[in-house]
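J.: Submitted below is the structure of interest, expressed as structure tokens.
The values are calculated or read from the model by the stated rules, or taken from the named source; none is laboratory data. Computed from a predicted model, the values in this text were never measured in an experiment. Cβ placement follows ideal geometry from the backbone for every residue including glycine, while neighbour counts extend to all protein chains displayed. These accessible areas exclude ligands, DNA and RNA; they are computed on the full protein's heavy atoms, side chains included. Shrake-Rupley method; radii C 1.70, N 1.55, O 1.52, S 1.80 Å.
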Amino acid sequence: MLRCASCGRLRYMRQTFPADARPAEIARTLACHRCLSRDVAVVVVPPPAPGGRWPAEEG
């Protein structure tokens, strides 16, 4: 997920990245689509258990 520190937006990312990519390195290349801030973090969320649900998006 992408979390923006400026506007609080939390959104899932559709891009795929190499398995050895670090979240901080990925975040340095991204910006928030709402406020265009580059102050974002990539949060790794494990997939839900079978029959479970993903956390809701915010913002």
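J.: Choose one of P23, V43, H33: the residue whose Cα lies farthest towards the positive end of the charge dipole of the chain (beta-carbon charges +1 Lys, Arg; -1 Asp, Glu; about the Cα centre).
T.: Farthest towards the positive pole: H33.
J.: Of the accessible area of the chain, with the probe set at 1.4 angstrom, what percent is carbon plus sulfur?
T.: 54
J.: Additional query: Any idea of the accessible area per residue across the chain, 1.4 Å probe, to the nearest Å²?
T.: I get 77 Å² per residue for this part.
J.: Helix-derived [θ] at 222 nm for the chain: sum -39500 (n - 2.57) over DSSP H runs of at least 4, divide by residue count, nearest 500?
T.: -1500 deg cm²/dmol
J.: I would also like to ask the following. Could you size up the charge dipole of the chain around its Cα centre, putting +1 on the beta carbon of Lys and Arg and -1 on that of Asp and Glu, and report it in debye to the nearest 20?
T.: 140
J.: Please compute the length gained on full extension between L10 and A56, using 0.36 nm multiplied by the number of residues separating them and subtracting their Cα-Cα distance.
T.: Gain in length upon complete extension: 15.7 nm.
J.: Hey, rough spin-label estimate for R34 and A49, points 7 angstrom out along Cα→Cβ, what's it come to in nanometres?
T.: It is 3.1 nm.
J.: Hand me the GluC sites (Glu not before Pro) from the chain located in a DSSP loop with no more than 13 other Cβ atoms within 10 Å, in residue order please.
T.: Passing sites in the chain are E57.
J.: List the trypsin sites (Lys or Arg not before Pro) in segment 1-34 that DSSP assigns to loop (not H, G, I, E or B) and whose Cβ has at most 15 other Cβ atoms within 10 Å. Which are they?
T.: Answer by residue number: R14, R28, R34.
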